[in-house]
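Take a look at the structure set out below.
The values are calculated or read from the model by the stated rules, or taken from the named source; none is laboratory data. Remember, it's a predicted structure, so these values are computed and weren't measured experimentally. Every residue, glycine as well, gets a Cβ built from its backbone with ideal geometry; the counts of neighbours run over all protein chains shown. For accessibility, only protein heavy atoms count, side chains too; no ligands or nucleic acids. Shrake-Rupley method; radii C 1.70, N 1.55, O 1.52, S 1.80 Å.
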Amino acid sequence: MRDHARNTHADERTPAVWTGRATNRFQWLAALAGAAFMALGITLAVESAWTSGVPALLMAVIGCVAAGLLVLFGTLAFVHVAVKVDDLAMEVRCGHIGVPRRRILLSHIVGADFAPSVTPRHWGGWGYRWRPEKGTAVVVRRGEGLVLRLGDGRTFTVTVDDAESAVRVIRDHLRRPAPPGPPTPTGA
């Protein structure tokens, strides 16, 4: 008997639900900087001799606390991303509380492609991004990603580990016929 080369992807069954994540540990440094700004603002408020005047001190305290909160929460929202693909939709959740969140129905997806190198530089930074010529993206780190082509001509990109598997699952779900809906009344 001769041995035949087998396509390993052909034998694999695509899961009914696929989940993936991507994490950016560098974002923790930015969150730490935000916490430091908040601590500086609180320290100024508590330990200041108030010799420079109340308005100047209030502006310094409010500025430090506001900048700290903005940096802290802005970075913690994009420390990681979780992607879930099931037979109805793809859902993307960012950060520890899952906000911002985006749910795209599979019926709105025309195609899915693997992107081997998605970088924050191409999208203008980390986070939830929109560029008119490129579409929308959730970028939490550089590396592989998933690009969805939507029915309205737009694209949606998300950085996620094992994006090739996600593409395979989405394509498999798109090839399957939609489950039958309830019968429509013919009316008399």
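Can you list the strands (runs of 3 or more DSSP E) lying wholly within the stretch 83-142 that have 1 or more residues being β-branched (Val, Ile, Thr), touching a residue at least 24 places away in the same chain (Cβ under 8 Å) and out of contact with any Lys or Arg (no Cβ under 6 Å at 6 or more places or on another chain)?
Numbers: elements: 89-94, 101-105, 109-118, 127-131, 135-139.
Output list reads 101-105, 109-118, 135-139.
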Residues of the stretch 59-117 being under 22 Å from PHE37 (Cβ atoms) and in contact with a Cys (Cβ under 9 Å, 6 or more places away or on another chain), in sequence order, are ALA77, PHE78, VAL79
Any residue in the stretch 146-167 that's in a strand (DSSP E or B): show its pairings with residues that are of a type in the set (Asp, Glu) and open to solvent by 10 Å² or more (accessible area, probe 1.4 Å) at Cβ separation under 6 Å, as long as the two are six or more apart or on different chains.
VAL147/ASP113
Is the stretch 44-60 home to any residue that is in a strand (DSSP E or B), β-branched (Val, Ile, Thr), without any contact (Cβ under 8 Å) to a residue 60 or more places away in the chain and open to solvent by 70 Å² or more (accessible area, probe 1.4 Å)?
no
If we scan the stretch 83-104, do we find a residue that is more than 12 Å from the chain's Cα centre (by Cα), more than 15 Å from GLN27 (Cβ to Cβ), open to solvent by 40 Å² or more (accessible area, probe 1.4 Å) and among the acidic types (Asp, Glu)?
yes
Members of the stretch 20-34 that are modelled with pLDDT of 80 or more and either surrounded by fewer than 16 Cβ atoms within 10 Å (Cβ to Cβ) or part of a loop (DSSP other than H, G, I, E, B) (or both):
ARG21, THR23, ASN24, LEU32, ALA33
